[in-house]
1. Looking at 150, 131, which one is crowded, with 22+ Cβ neighbours inside 10 Å and at pLDDT 95 or above?
2. Which of the residues spanning the stretch 153-184 are outside any loop (DSSP other than H, G, I, E, B) and buried (at least 22 other Cβ atoms within 10 Å of the Cβ)?
3. Take residues that are buried (at least 21 other Cβ atoms within 10 Å of the Cβ) and tell me which of the strands (runs of 3 or more DSSP E) falling wholly in the stretch 194-254 contain 1 or more.
4. For residue 138, only one of the following conditions fails: (1) buried (at least 18 other Cβ atoms within 10 Å of the Cβ); (2) touching a residue at least 40 places away in the same chain (Cβ under 8 Å); (3) in contact with a strand residue (DSSP E or B) (Cβ under 7 Å, 6 or more places away or on another chain); (4) under 30 Å from residue 22 (Cβ atoms). What is its number?
5. Quick check, is residue 117 surrounded by fewer than 22 Cβ atoms within 10 Å (Cβ to Cβ), in contact with a helix residue (DSSP H, G or I) (Cβ under 9 Å, 6 or more places away or on another chain) and either modelled with pLDDT of 95 or more or in the same structural domain as residue 85 (by TED's automatic domain parsing) (or both)?
6. Might you check whether a residue that is under 30 Å from residue 163 (Cβ atoms) and either within 21 Å of the chain's Cα centre (by Cα) or not in a helix (DSSP H, G or I) (or both) occurs anywhere in the stretch 18-32?
């Protein structure tokens, strides 16, 4: 895949199967995980199983979460399209990754994001209790807590993905990158409103974003920043409390 080329879920799955076959031939230990993928017919089947394995702590839970994910993917094929775009986004943004198999098997942020897509599907179908159960399991097992009512676009990359908390009603656009220990939450003063993260935004490690505010398209938030007001498109917010820097000339400071 070239830097800007996007492939379909079926083409992606074919690439993953080729990588799994090569892994099986090259390393018998790694091949154990790769062999399990080769038993699946498509990305949705493999992903449902991985979600069940990652979130479940016993056989009953693993079967339950696998079954729910399978149901969600069959009912809403757009979830698998989103999962495909998310996986391809990792290859584009992480120069250390050269294939699809490593992030699929080893990047918990990827699995956590796809598990959220299932919980959001449950939430929209008024299966609130099961959605919360899956959210809790994801928080406990993967250290990523995303409220089922949040809205998240595609080509999103949760990098390292330990200690990520995305609260209720938060909106996140396409092509956003979020590093570890990031909190995005509603203000106590107006819990009906939540942060809105624009397309292509980059949220560095240990940042906190709280309030009825907007992080503009392609804006950046520096490591450890505390953001409580708008960050215009293309600007960088740094410090505690955050201040704006590197803004395009047309941007007006918040």
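1. The conditions single out 131.
2. Result: 157, 158, 164, 166, 172, 178, 184.
3. Working: elements: 208-210, 236-238, 243-245.
Fully inside the stretch 194-254 and qualifying: 208-210, 236-238.
4. Answer for residue 138: the failing condition is (4).
5. Details: surrounded by fewer than 22 Cβ atoms within 10 Å (Cβ to Cβ): no; in contact with a helix residue (DSSP H, G or I) (Cβ under 9 Å, 6 or more places away or on another chain): yes; either modelled with pLDDT of 95 or more or in the same structural domain as residue 85 (by TED's automatic domain parsing) (or both): yes.
Considered against the rule, which asks whether it is surrounded by fewer than 22 Cβ atoms within 10 Å (Cβ to Cβ), in contact with a helix residue (DSSP H, G or I) (Cβ under 9 Å, 6 or more places away or on another chain) and either modelled with pLDDT of 95 or more or in the same structural domain as residue 85 (by TED's automatic domain parsing) (or both), residue 117 comes out as no.
6. No, the conditions are met nowhere in the stretch 18-32.
The values are calculated or read from the model by the stated rules, or taken from the named source; none is laboratory data. Remember, predicted model here, so these are calculated numbers, not experimental data. For neighbour counting, all protein chains shown are included, and Cβ atoms are generated from backbone atoms with ideal geometry for every residue, glycine included.
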